[in-house]
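To start, the structure itself, in structure tokens.
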Amino acid sequence: MIRTFSAGSVCAVLLSQGSKYATCRAAHLHSGSFDVAIVGGGIVGLASARELILRHPNLTFTLLEKETELALHQTGHNSGVIHSGIYYTPGSLKAQLCVRGAMLTYQYCQKKGVPYKKCGKLIVAVEREEIPRLKALYERGQVNNVQDLRLIDAKAIREKEPYCRGIMALDSPNTGIVDWRIVALTYGKDFQEAGGTVITDFEASDIKVAAESPAGSAEGLKYPVIIKSSQGKEVRCQFVLACGGLYSDRLSEISGCDSEPRIVPFRGDYLVLKPEKNYLVRGNIYPVPNPRFPFLGFHFTPRMDGSIWLGPNAVLAFKREGYKLFDFDTQDFINAVSYRGLQRLVMKNIVYGMGEIYRGVFTSAQVKYLQKFIPELSPSDVLRGPSGVRAQALDAEGNLVDDFVFDGGKGELGSRILHVRNAPSPAASSSLAIAEMIADELEKRFKL
């Protein structure tokens, strides 16, 4: 079911080929009035829109997306892993949301017929000094209530992954894989079937409180918030939820909120195994995280299409949606390199960062690292693969913001808008649980 507008506000309903979701495209300068507008059509925005409309079927909702399709950026460029919640500090929101989110994801995919695989994950220690950290991860996973974890020896590693070498591993059989874009589009389908409206090709460029009601409106200022697109189109609403991902800081700034935490884009480049070498990997194979470095490190990840991705590295992207090595945007680049937080992060991790750049340029260097886990792997077995860009929130001291950040700002607009400034990885795995938390927050703030 698609909610339509009155005369002067017509939506063209488009069915995306193969995606099973309908899209409304704004056709006139004034695109309708709603109780709640969600800005951002990635997996967090879509999951939150779905949760809100299922809780409040008597309210009207719209979701605004700047692209012509949904879930094209972080959601459509990630590794596809359903994480189980091993890594995160016990008692933290990340731990709770990931464990619950993974459970809800499996239930949702089963109910909706979305394909997934529980192919498992091994976190493999290849050096003796990694064993204490591996055991600590096991204990952390136990506290986080991650099911069926076990520590296994070298022989058991080879039984699960015949070509993998390690001295000990943490076996997580409930880690899985899925195509997160398909999941996100299914959230969108649920949202629309419940009566929600999706408007694509709507890049929010201004958010403000109206000084007067629209011409010819008898509703006064029932819908006082105006969201204007870069093309001059408008949507009016009572409340706004902004899930801007890579642009969450800029969306926050245009509505009068603080400029921090700042989003700094990091590109991750993958290699892909040649199809004739896919036998080398059965499930996810991860390194033991090094606490001195801010990212997880290269890993082996099977995909739903049968391919195997190796990576990613983590290097500064010169464009927020720059998926290629030479993609460049002047504003994005200047905003990133002039930010004190990034400068401090670079200085703290200069050696690590240079290594990431080197391995990103030279495939053989990346393969050499991966040979620690699968010695049979050679540079001739891999091809350059896709890339993704991660919206990394940084504070001014150069610290990765590792928790959820909500912001509303001040004044009349601040009382009507909630920004999700940071939804840290693994946001896709946690999306249904994050949506519950965001809906709770909106209900509390806006008394829905």
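The values are calculated or read from the model by the stated rules, or taken from the named source; none is laboratory data. Computed from a predicted structure; not experimentally measured. Glycine gets a Cβ as well: all are built from the backbone with ideal geometry, and neighbour counts include every protein chain shown. These accessible areas exclude ligands, DNA and RNA; they are computed on the full protein's heavy atoms, side chains included. Shrake-Rupley method; radii C 1.70, N 1.55, O 1.52, S 1.80 Å.
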Handout entry: Taking N as its residue count, the alpha carbon Rg of region 277-342 over 2.2 N^0.38 Å
Key = 1.48
Practice task
Sort out the exposed loop chymotrypsin sites (Phe, Trp or Tyr not before Pro) in the chain (DSSP loop, at most 12 other Cβ within 10 Å) and tell me the longest stretch that has none.
Solution key: 1-325
Problem - Inter-label distance for K155 and L221, nm, one decimal - labels placed 7 Å from Cα along Cα-to-Cβ - result: 7.6 nm
Exercise for the section: Determine the alpha carbon to alpha carbon distance for each of K117/K277; K189/K444; K233/K444; K155/K372 and list only those over 22 Å. Expected result: K189/K444; K233/K444
Practice task
Take region 394-448, drop everything but the C-alpha atoms, weight them equally and run the Debye formula without solvent; then report log10 I(q)/I(0) at 0.12, 0.17, 0.26, 0.30 Å⁻¹ to two decimals.
Solution key: -0.34, -0.64, -1.06, -1.17
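Can you tell me what share of the DSSP beta bridges in the chain is antiparallel? A percent to the nearest 5 is fine. Let's see the in-between values first.
Working: 51 of 74 bridges.
So the antiparallel bridges in the chain amount to around 70 percent.
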Fill in the blank from the handout: Distance in nm between I357 and Q110 label points, each 7 Å along Cα→Cβ, equals 4.8 nm
Completion exercise
The distance between the Cα centres of region 82-156 and region 258-306, in whole Å, is 16 Å
Completion exercise
The answer for N422, listing residues at least 5 apart or on another chain whose modeled amide H is closer than 5 Å to its amide H, is V405
Practice task
Take every Cα-Cα pair in region 155-199 and report what % of them are more than 17 Å apart.
Solution key: 59 percent
Exercise for the section: List, largest first, the extents of the alpha carbons of region 318-448 along their principal axes, each in whole Å. Expected result: 59, 34, 26
Completion exercise
Expected unfolding gain across V346-T330 under the 0.36 nm per residue rule, minus the alpha-carbon gap, is 3.8 nm
Practice task
Between beta-carbons, use under 10 Å as the cut-off and find the net charge around H77, counting Lys and Arg +1, Asp and Glu -1.
Solution key: +2
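Computed FRET efficiency, Cβ-Cβ of S205 and K368, R0 51 Å: what is it to the nearest 0.05? All intermediate terms of the calculation are to be shown ahead of the outcome.
Details: r = 46 Å, r/R0 = 0.91.
Plugging the Cβ-Cβ distance into 1/(1 + (r/R0)^6) gives 0.65.
So if each residue of separation counts as 0.36 nm, and I subtract the Cα-Cα distance between F406 and N290, what length gain in nm does that give? List each step's numbers first, then the result.
Values: separation 116, 0.36 × 116 = 41.76 nm, distance 2.91 nm.
Value of the extension gain: 38.9 nm.
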Handout entry: Cα principal axis extents for the chain, largest first, Å
Key = 75, 48, 40
Fill in the blank from the handout: The helix 180-193 Cα axis meets the longest alpha-carbon principal axis of the chain at an angle in degrees, between 0 and 90 and rounded to 10, of 20 degrees
Completion exercise
For region 107-243, the percent of all C-alpha pairs falling in each 10 Å bin, from 0 up to the bin holding the max distance, is 10, 23, 19, 15, 16, 12, 5, 1
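For the chain, what is the accessible area per residue in Å², given a 1.4 Å probe and the full set of protein chains?
43 Å²
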Exercise for the section: Take every Cα-Cα distance within region 295-376, group them into 5 Å bins from 0 onward, and report for each bin the whole-number percent of pairs it holds. Expected result: 3, 13, 18, 21, 20, 12, 8, 4, 1
Practice task
Would you calculate the separation in nanometres between label points at I131 and K444, each defined as 7 Å from the Cα along the Cα-to-beta-carbon direction?
Solution key: 4.5 nm
Problem - Largest to smallest principal axis extent of the C-alpha atoms in region 45-155, angstrom - result: 57, 28, 25
Problem - ³J(HN,Hα) computed for each position of region 153-162 - Karplus, 6.51 cos²θ - 1.76 cosθ + 1.60, integer Hz, glycine/proline x - result: 8, 4, 5, 5, 4, 5, 5, 7, 10, x
Handout entry: Projected area averaged over orientations for region 190-320, convex hull of C-alpha atoms, nm²
Key = 13.2 nm²
Practice task
Please build a GNM for the chain, connecting alpha carbons under 10 Å apart, and tell me which residue among H83, H73, H299 fluctuates the most.
Solution key: H299
Problem - Helix-only CD estimate at 222 nm, as mean residue ellipticity for the chain, using -39500 (n - 2.57) per DSSP H run (n ≥ 4) - result: -9000 deg cm²/dmol
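Which of the trypsin sites (Lys or Arg not before Pro) across region 362-441 are loop residues per DSSP, with 14 or fewer other Cβ within 10 Å?
Working: sites: K368, K372, R384, R390, K410, R416, R421; in loops: K372, K410, R416.
For trypsin sites (Lys or Arg not before Pro) across region 362-441 that sit outside H, G, I, E and B with at most 14 neighbouring Cβ atoms in 10 Å, the list reads K410.
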Completion exercise
Counting only residues 5 or more apart in sequence or on a different chain, those whose built amide H sits under 5 Å from that of E67 are D201, F202
Completion exercise
HN-Hα couplings for region 113-125 via Karplus (6.51, -1.76, 1.60; θ = phi - 60°), in whole Hz with x for Gly/Pro, come out as x, 7, x, 8, 9, 8, 8, x, 8, 10, 9, 10, 8
Completion exercise
Output for region 217-312: trypsin sites (Lys or Arg not before Pro) sitting in coil per DSSP, at most 10 other Cβ within 10 Å, listed by number, reads R292
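Tell me the carbon and sulfur percent of the accessible area for the chain, rounded to whole percent, probe radius 1.4 Å.
Summing carbon and sulfur atoms, their accessible area is 52 percent of the total for the chain.
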Fill in the blank from the handout: Residue-ordered couplings for region 330-340, obtained by feeding phi - 60° into the Karplus form 6.51 cos²θ - 1.76 cosθ + 1.60 and rounding to whole Hz (Gly and Pro as x), are 4, 4, 4, 5, 5, 4, 6, 6, 8, 7, 4
